[in-house]
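Read the figures in this text as sums done on the coordinates, not as results from a lab. In this text the structure is predicted, and so the values were computed from the model without any measurement. Reconstructed Cβ throughout: ideal geometry from the backbone, glycine too, with neighbour counts over all protein chains shown.
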Ligand SMILES: Cc1ncc(COP(=O)(O)O)c(C=O)c1O
């Protein structure tokens, strides 16, 4: 008897718990840590911008794994890349040269201001890398003993200890102290506050190593950066030698209508980070820098899975598809369609909606502070209408569909959100 039939025989009559549809939320919570507040919804399959739940109900997916599935679900190019690379070589150590990693790095450096790339697995890990690079640069290139990194209030940079410290939102830090030393915070889009802090911190001797900002604050409420502010920040960094690090994890990879969020601001960072859309849903992160601050040397930093052939092949396919299918143009056009539709809805609900803001296909419907309606209530009402959305704070409803979304799908989402707003209003 073969090993396979032995295993099959021994399993006869045994009901395996992980059978998809029969796995209830109660069973799930009995086994998985309850670190997430989940909606009572189990998604079973996806195609393009649509997903289906375990009762085969269809939803339009304007969450896209939170700005991650930029090519939607089951995109043929990704399916092909995943299966082909699995059959060729899926993982080897960074002890060896990895052609797919080199090709992805080449694509990224040819399509950005960066010269070099370090690959990892997530946005938080990419930001960790950037923080380490900034500290080493401060020590070795500027003689700073205790480097300090300035970040913005309402920012979000991840959930590791260093990145919750970088995140300027106390709710993510509560009960996890002691936090990492070496961080200070300023209001976003307020250059005077930033300049004053740098002057006071550097008064005796320089200690500010880097300024870390999102070009558009995603989790903090879909708040776009202001051009004048970022240009002043760039100038300040040029004058002082402080590194400018931009977190492109949510807004990068075409979501803003440009490949990188910083292109909307007319500046270039010294270092930037990417994840989410980079792999289109396959885990990969990247930290990219210009050559003048490329200070990490063998032994300084590493990641077992970082840049493996599988993740890099898929990410390269995502990058090439964005380019070949001219998806940035789609992002601009569909973004304008979505914003103008949401603005019309805002004028229909002046007591409920404060404003609509965003770039490309990252947009927020901002609810009035004094209204009793929360973003969660709107998200739940939209779900009942077959539209998946995600809050960005208690008063902002976020729209981050796949970048392949069609005009018809945007129109369908507008009809659904109109019904959802009527239901909650
Ligand atoms: C701007 C930004 N940075 C970093 C992160 C963390 O990324 P990850 O969850 O992949 O660690 C996120 C996640 O939402 C993000 O939006």
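Given 10 Å bins starting at zero, what is the percent of C-alpha pairs of region 244-363 in each, up to the one with the largest pair distance? For region 244-363, the binned pair fractions read 12, 33, 32, 15, 6, 1 percent.
What does the convex hull of the alpha-carbon atoms of the chain project to on average, in nm²? Computed as one quarter of the Cα hull surface, the answer is 23.7 nm². Divide the volume of the convex hull around the Cα atoms of region 78-324 by the residue count and you get 125 Å³ per residue. Neighbour counts of C-beta atoms inside 10 Å place 56, 202 in the sequence 56, 202, starting with the fewest. The order of 287, 383, going from fewest to most other C-beta atoms within 10 Å of their C-beta, is 383, 287.
A simple packing score, the average count of other Cβ atoms within 10 Å per residue, orders the peptides 241-249, 365-373 as 241-249, 365-373, with the highest score first.
Shape verdict for region 56-191, please, from the Cα gyration tensor: rounded (a/c under 1.5), prolate (a/b greater than b/c) or oblate. Since a/c reaches 1.5 but b/c is at least a/b, the shape of region 56-191 is classed as oblate.
With 10 angstrom as the radius, rank 301, 292 by how many other C-beta atoms surround their C-beta, starting from the fewest.
292, 301
Express as a percent, rounded to the nearest 5, the fraction of DSSP beta bridges in region 237-329 (both residues included) that run antiparallel. If you can, show how the numbers build up before the last one.
Working: 4 of 8 bridges.
Close to 50 percent.
With 10 Å bins beginning at zero, the pair-distance distribution over Cα atoms of region 184-326 amounts to 11, 36, 34, 16, 3, 0 %.
Express in whole angstrom the spacing between the alpha-carbon centres of region 93-142 and region 340-399. Rounded to whole Å, the Cα centres lie 36 Å apart.
Where both bridge residues fall in region 78-324, DSSP classifies roughly 40% of the beta bridges as antiparallel.
Using equal-weight Cα scatterers in the Debye expression, the normalised intensity of region 99-167 in log10 at q = 0.11, 0.17, 0.27 Å⁻¹ is -0.35, -0.78, -1.12.
With r as the distance between the Cβ atoms of residue 323 and residue 193 and R0 = 41 Å, compute the FRET efficiency 1/(1 + (r/R0)^6) and round to 0.05. Working shown, then result.
Numbers: r = 39 Å, r/R0 = 0.94.
After rounding to 0.05, the efficiency reads 0.60.
Provide Rg over Rh for region 275-425; use the alpha carbon set for both Rg and the Kirkwood Rh (inverse mean inverse pair distance). Rg divided by Rh gives 1.09. Of the beta bridges in the chain, as assigned by DSSP with both residues counted there, near 65 percent are antiparallel.
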